[in-house]
Protein chains: 2
Amino acid sequence: MQTEDGRLVIVSNRGPVTFSRSESGERTYSRGAGGVVTALNAVLRRSENAVWIASAQSEEDIKVSREPAPYEVEDLRVVLVEHDPEAYDLMYNQLANPLLWFVQHGLYDLPYAPILGDDTKWAWEEGYVPVNRNFAEAVADSVEGERSPVVLLHDYQLYMTPHFVRERLGPEAFVSLFVHIPWPEADYWRVLPRYIREGVLESLLQADVVAFHTRRYARDFTETVSQILGVEYDAEEGIVYHDGREVWVRAYPISIDPAEFEELSGSEAVLEQEELVKNLTGKLLLRVDRMDLSKNVVRGFQAYERMLERHPEMAGEVTFLALLQPSRGDVPEYARYAGAVRETVDEINERHGRGSWKPIELSMEDNFPRSVAAYKNYDSLLVNAVRDGMNLVAKEAAVVNERDGVLILSENAGAHEEIGEHALTVNPFDLDEQADAMYEALTMTGEERRRRARALRETVEANTIEDWVEAQMEDIAAYRERYLT
Amino acid sequence: MQTEDGRLVIVSNRGPVTFSRSESGERTYSRGAGGVVTALNAVLRRSENAVWIASAQSEEDIKVSREPAPYEVEDLRVVLVEHDPEAYDLMYNQLANPLLWFVQHGLYDLPYAPILGDDTKWAWEEGYVPVNRNFAEAVADSVEGERSPVVLLHDYQLYMTPHFVRERLGPEAFVSLFVHIPWPEADYWRVLPRYIREGVLESLLQADVVAFHTRRYARDFTETVSQILGVEYDAEEGIVYHDGREVWVRAYPISIDPAEFEELSGSEAVLEQEELVKNLTGKLLLRVDRMDLSKNVVRGFQAYERMLERHPEMAGEVTFLALLQPSRGDVPEYARYAGAVRETVDEINERHGRGSWKPIELSMEDNFPRSVAAYKNYDSLLVNAVRDGMNLVAKEAAVVNERDGVLILSENAGAHEEIGEHALTVNPFDLDEQADAMYEALTMTGEERRRRARALRETVEANTIEDWVEAQMEDIAAYRERYLT
């Protein structure tokens, strides 16, 4: 493994642990959840001496960040980076989450938004760039004395870190950046001001590998750098030529740990939640999502209503359970969207409910055991995102579902490239197509359901999180062998 | 010329003339204006026996359509096609103008719109497709007995016509379709339901040449058909391989007739309007646009306000004249946008006006002589479109302006590919960049202004509407020689 000739450093904005003080004054910590953090844990397990660098988030995190690094927690060696609070706020709340997230998911109403200007520049120069420089400093400190460290940078908060890391560590370091959200086509990338548009691309090309979840994003990235920076590339080989170096552009579809979900599905917490799920009327149509504009929640309900209107015999025969984890509620666009979601649910329940049957059960809380309980019991799972980097819900649910549930999958979810052929594919903008897919899923023969569910599960199990890590490690070794030794 | 071996047929939804009845009961007509109609007139002048096919729009048009065709008007031979009114309404008001226009300009707020479904399918099957079949019938009737006619189809109302024309006329006919609006990237094209998404592309590949205003649209089209239909192509040569045929994908930047504008600029009507224009206070910042969501009118005013705030010395030294031709006022999105425009103007005039000086003069009417009068007198012209197929205003204005006016040009206007280097380029989403460009334009030295204005005018005059026609005619001849003889 390449970790023999270089220390492995993972960097992500959000880390694997957050520290706090207990009432008795002792330092405690909680381990982070979420797909990417879980995936990066799998990377760390591969290397004895690895370090995970992340932003200090809590007050106690800041104390940890000031102590001699790294801090050892269970199997982890963690380095927390203290940022200037104002710079961090600008990076996070002015640039990464509103601007980059919206551009990369294509969520703007372009005749009206965004309104860019000097405040964008300020957030870039005084927020995004210094925070990224700060990450690079922490990387440099962590690998001091190493001849050829391996630096794995993660996601859209860190786009400028490759530039600063390369500046500090020189050509011998292996550097990659993994983009976990969609990569847009060049025209949408051009919404950004020139200094971000070009600055990010120049920085990413300082990495040795730029990685995405799908071949489509990898191709769109290559096309974007070609159009905007005018660099040459070999589309077949996935190589961009820049400054006398070769940058590999790769797709590694992220996945899950099936064993973890199988274990979870038998846990006490999940079994408890199953009572509630099993008490719902009729067949179970499920969605599990963060409350995000990209998830297409409103159209999902509208499509369900059309299905009920066309098939009156379905009244009382199905319940649509929507488990929506609150997200960014302080951002006006998100608050407005959450309002539209609630309103739509109320209207549909009002119009179509009868007796004790509520057509839609809406839960807006963060309750992971309930999600897993619902995974086990759905007859059909709706993932109709406007755009989605991967969508791990589709994969998690597939491995624990016990009812041969049918997946309805947006062609704009990254997961579609891998598992779309076993799902009912929908255009997220077409309500009637989604309504038809729901009806088809809920009335499909047992045999067809079994065939699809089995194929889906096998496909997910054939590319687990371990395989995801392995594929990257192999490419790191191949890259180092070709260029860095 | 290829017209020697085949009759030339032009087809566009809107024709060169509209007929009506005078009060005395006589048939009269008015000739259409607008860039594309003017351009197609230039094509017709090249051919003795040519026919122009268009939709009957007025009651009198329908009478003309029922008489033996073609109808001769001045130098034109016109064939009007009567469509079923409901089908035409579906094509025009449900599909072409809301859906295709919005998709191709990227104007949707995707988390909320569009809402596609069975009504989209209805509009397609009962509107767009039959209207296009109708056009193809008219083409077939017009060229009966010809061995190898030349059929030039125009714009986004006619995307299915190549399919039906090819079906009727076989491989010997030369068929081209010119797209006068932007071509989007593949992801945005995928917003459309599959039957439109694939149906349009399959039909367009029945043409021999698919033409655009810019190389960027041509490339995006090629990429779109490659991704969605999986066809092979040669990007260098601009050739798509489909069904054993070679389809040329070409860029012919449309232009104007400079002589026409020079003549116009001395006309009585224009001279009259110049009084008004010259009476405005200070330097003249101008915009001339249809009132369309794609034109970015609101951000233009907001940028102007920022310029006034940063440079208080500009108060009373400049007037922003906005000549906005009303458009699609019955469409809610347009009405809402026009409201936002008026509100923004009122607020800025309220906040910044003093004495007799009104910072912004807004005119919402259709007054072409006034536009030309303003073209002659601007110190700076703002064209900051979110997206624009070409934008002929920039070209028209450049050839008649008498004040070495500086063009501020959106990088997303098609014209930017040709004349951007002589303009101040702006990102249409960046208010401060636009504010800075306005200030720079209004305070630029005379020498720099002269240099830019001259280069701009020379560039426009080096590719007139005649050159645009010539380039297409040469390619038609080359294509026929290579494949059809």
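So here's what we get for this one:
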{"quantity": "On Cα atoms only, tilt of A:368-377 relative to the major axis of chain A in degrees", "calculated": "50"}
{"quantity": "Cα gyration tensor, chain B - rounded (a/c under 1.5), prolate or oblate", "calculated": "prolate"}
{"quantity": "For region B:247-354: rounded, prolate or oblate by the Cα gyration tensor [a/c cutoff 1.5]", "calculated": "oblate"}
{"quantity": "Shielding by partners, peptide A:103-109 (average Cβ within 10 angstrom, other chains)", "calculated": "4"}
{"quantity": "30 Å Cα cut-off, lysine pairs counted over chain B (separation 8 or more, or different chains)", "calculated": "15"}
{"quantity": "Region A:36-57 and region B:1-68: distance between their alpha carbon centers, rounded to Å", "calculated": "70"}
{"quantity": "Label point 7 Å beyond Cα along the C-beta direction, distances from B:Glu474 to other copies (nm, shortest first)", "calculated": "5.2"}
{"quantity": "Percent of beta bridges antiparallel (DSSP, chain B, rounded to nearest 5)", "calculated": "25"}
{"quantity": "For A:186-194, mean number of other protein chain Cβ atoms within 10 Å", "calculated": "5"}
{"quantity": "Nearest-20 debye value, the protein assembly as shown charge dipole, Cβ charges on Lys, Arg, Asp, Glu", "calculated": "660"}
{"quantity": "Helix-derived mean residue ellipticity, 222 nm - over chain B, DSSP H n ≥ 4, -39500 (n - 2.57), to 500", "calculated": "-13000 deg cm²/dmol"}
{"quantity": "Shortest-first distances to equivalent copies, position A:Asp346, nm, label 7 Å out along Cβ", "calculated": "3.1"}
{"quantity": "Dipole of chain A, positive end: most advanced residue of A:Leu158, A:Tyr483, A:Gly329 [Cβ charges, Cα centre]", "calculated": "A:Gly329"}
{"quantity": "Gain on full stretching of the segment that runs from A:Asp75 to A:Glu23 - 0.36 nm per residue minus C-alpha separation", "calculated": "16.2 nm"}
{"quantity": "Paramagnetic label zone (point 7 Å from Cα along Cα-to-C-beta, A:Trp122; backbone N under 20 Å) in region B:408-450", "calculated": "B:429-437"}
{"quantity": "Three-way shape label, the protein assembly as shown, alpha-carbon gyration tensor, a/c 1.5", "calculated": "prolate"}
{"quantity": "Check: region B:258-462 dipole with +1 on Lys, Arg Cβ and -1 on Asp, Glu Cβ, in debye", "calculated": "280"}
{"quantity": "Nearest-first distances (nm) between copies at B:Glu67, label 7 Å from Cα via Cβ", "calculated": "9.5"}
{"quantity": "In region A:181-277, GluC sites (Glu not before Pro) in a DSSP loop with at most 15 other beta-carbon atoms within 10 Å", "calculated": "A:Glu236, A:Glu237"}
{"quantity": "Total charge dipole magnitude, region B:351-391, about the Cα centre, Cβ charges on Lys, Arg, Asp, Glu only, Debye to nearest 20", "calculated": "220"}
{"quantity": "Number of partner chain Cβ atoms within 10 Å, mean per residue of B:292-300", "calculated": "2"}
{"quantity": "Among beta bridges that DSSP assigns inside region A:258-462, antiparallel share in %, nearest 5", "calculated": "5"}
{"quantity": "Sites B:Glu350 and A:Asp330 - FRET efficiency at Förster radius 41 Å, r taken between beta-carbons, to 0.05", "calculated": "0.80"}
{"quantity": "With Cα atoms, 0 to 90° folded angle of helix B:194-204 axis to chain B main axis", "calculated": "80"}
{"quantity": "Förster-model FRET efficiency, 51 Å R0, B:Ser226 and B:Lys63, C-beta, rounded to 0.05", "calculated": "0.65"}
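Values in this text are rule-based calculations from the coordinates and carry no lab data. From a predicted model like this one, the values you see are computed outputs, not experimental measurements. So basically every Cβ, Gly included, is an ideal-geometry build from the backbone, and we count neighbours across all protein chains shown.
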